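Structure, as structure tokens:
Values in this text are rule-based calculations from the coordinates and carry no lab data. Keep in mind the model is a prediction, meaning the values are calculated, not measured. Virtual Cβ from ideal backbone geometry, glycine too; neighbours counted across all protein chains shown.
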Amino acid sequence: MSVVLGREVLDANRMAESVVRGHEGFGVVSFPAGLAREKGPGIMRKPLPEEPAHAEVFGKKTRGVKRAFAMRCTWIIPPPQTYCSS
């Protein structure tokens with residue numbers, strides 16, 4: 001799972017909107033990096049040329065792990081309503 005390290009975004013004086021620029025239909029959630037370590041997978045910095053704050057959450061994401069992430073995430077930028085409809 002690709003993620004962006006929020007502290008690095010803020011330290012670079014960037015706004016959350018910069019994370020989804022060019023990714024129409026995506027939103028931004030926040031969760032503590034410790035959650036990735038606590039629930040079994042891990043998190044590792046993997047900077048990309050276009051996104052220096054990029055990282056990856058690795059390891060198996062069981063139903064319980066996915067549920068834990070869903071329960072602990074906070075929306076920062078919700079995706080557009082057209083993408084939320086079923």
Whole-Hz couplings from phi, Karplus 6.51/-1.76/1.60, listed for segment 11-24; x for Gly and Pro:
5, 8, 6, 9, 9, 4, 4, 5, 6, 9, 4, x, 10, 3
Return the long-range amide H neighbours of I43 (sequence gap of 5 or more, or a different chain), with a cut-off of under 5 Å between placed amide H atoms.
F58
Straight-line reach from K66: which aspartates and glutamates have Cα under 13 Å away, leaving out those fewer than 8 places along the same chain?
E38
5 angstrom amide H check on I76, placed H, neighbours 5+ away:
V28, V29, S30
Roughly what would the spin-label model give for R45 and F58, points 7 Å off Cα along C-beta, in nm?
1.6 nm
Straight-distance crosslink candidates among aspartates and glutamates, where the alpha carbon sits under 19 Å from K46 and sequence neighbours closer than 8 are dropped
E8, D11, E56
